[in-house]
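Novice: Here it is, the structure, as structure tokens.
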Amino acid sequence: MNKLENIQFNRVYQMDCVQGMSSFLPKESIDLQIVDPPYNIGLKGAKVNLKKGYKAIDEDWDTIENFEEFTLNWLKECYRTLKPNGSILSYGTHHNVFLTGYLMEQLGFKIKMQYIWKKTNPPPSFLGTNPKYATESIIWATKGGSYTYNYDYAKSINGGKNISNVFETALTPQREKKHGKFPCQKPLEVTIKLLNLHSNPNDMVLVPFTGSGTECLGARLTNRNFVSFETNYKYIELANNRLDDAECFENYFEYLLNHKQVS
Ligand SMILES: C[S@@+](CC[C@H](N)C(=O)[O-])C[C@H]1O[C@@H](n2cnc3c(N)ncnc32)[C@H](O)[C@@H]1O
């Protein structure tokens, strides 16, 4: 199997991820890819009259004119770099998830399943014209017929029985945001479960879109290696601060690391 000789592990590179993957990552070198891309909500009309201080996602990096081309480009590199027995887990809402799934199948990925992250305290529907949006999807796809699904871990977090495809948690808690604010930070709990389910210690995890570094931190806490890319320097600083302080998260998430039931 190809080795990652031209890149240092366990650090975030300030670089466009497509450029980073194509420059540094050999074919079939990655065990698990956790992708939390821009959803393009900015361009798809989520700019609402913000009431009561609630903030919609309206970031420059989330407003992409040719979104199909953008999505295809990073997916192509993910396909090239994924090991034959590896998995990709890609987040989305209706803004991007159907396009992502369609393009995945065009490229040859096999969609295994869709996980749902169900938020127990979803944000309100600002205008009351639709239900509160309480879920996000995570597409799980593979390249070949073999893949990692750690059944014993799945049972260990669900009272001895296999889990369902639904992760139910609160929105990312404030105690995970003590190093700074980021508009769409994912919860460590979901991240750590995904890592434990679909990879093994010392595996190589690719995080193409770092943001505040949740997936990198999760990889460190579960003893995986990671390679990660991010275009915005201020987010790299935030991610690095979280990584430097990983010990404080180890205590916080001891129950997950020890494969105990999540209450
Ligand atoms: C949805 S956020 C990731 C959030 C992350 N899961 C977390 O919990 O913090 C997406 C990130 O991708 C970055 N980004 C956008 N386009 C990029 C590109 N072409 N290459 C690398 N990073 C990019 C944005 O700056 C943003 O920080």
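No lab work stands behind these numbers, since they all come straight from the coordinates. All values reported here derive from a predicted model rather than from experimental measurement. Reconstructed Cβ throughout: ideal geometry from the backbone, glycine too, with neighbour counts over all protein chains shown.
Novice: What percent do you get for the relative contact order of the chain when only Cα pairs under 8 Å and 6+ apart count?
Specialist: 23 percent
Novice: With the crude spin-label approximation of a point 7 Å out along Cα→Cβ, what separation in nm comes out for L171 versus A246?
Specialist: 2.9 nm
Novice: Viscosity 1.306 mPa s, temperature 10 °C: Stokes-Einstein D of the chain from its Kirkwood Cα radius, in µm² per second? Before the final figure, lay out each step's value.
Specialist: On the way: Rh = 18.8 Å.
It diffuses with D of about 84 µm²/s by this estimate.
Novice: Return the single residue from I163, I30, I41 with maximal mean-square fluctuation; model: Gaussian network over the chain, springs between Cα atoms under 10 Å.
Specialist: I163
Novice: Of N150, F229, A219, whose Cα points farthest to the positive end of the dipole of segment 11-257 (charges on the beta-carbon: +1 Lys, Arg; -1 Asp, Glu; origin at the Cα centre)?
Specialist: N150
Novice: Report the antiparallel proportion of the DSSP beta bridges in the chain as a percent, rounded to a multiple of 5.
Specialist: 40 percent
Novice: If Rh is defined by the Kirkwood formula over all Cα pairs and Rg also comes from Cα, what ratio Rg/Rh do you get for segment 138-236?
Specialist: 0.97
Novice: Could you sort 64-72, 20-28 so that the peptide with the highest average Cβ count within 10 Å comes first and the rest follow in order?
Specialist: The packing order, highest mean first, is 20-28, 64-72.
Novice: A further question on this structure: Given +1 on the Cβ of Lys and Arg, -1 on the Cβ of Asp and Glu, and no further charges, what dipole in debye does the chain carry about its Cα centre, rounded to the nearest 20?
Specialist: 720 debye
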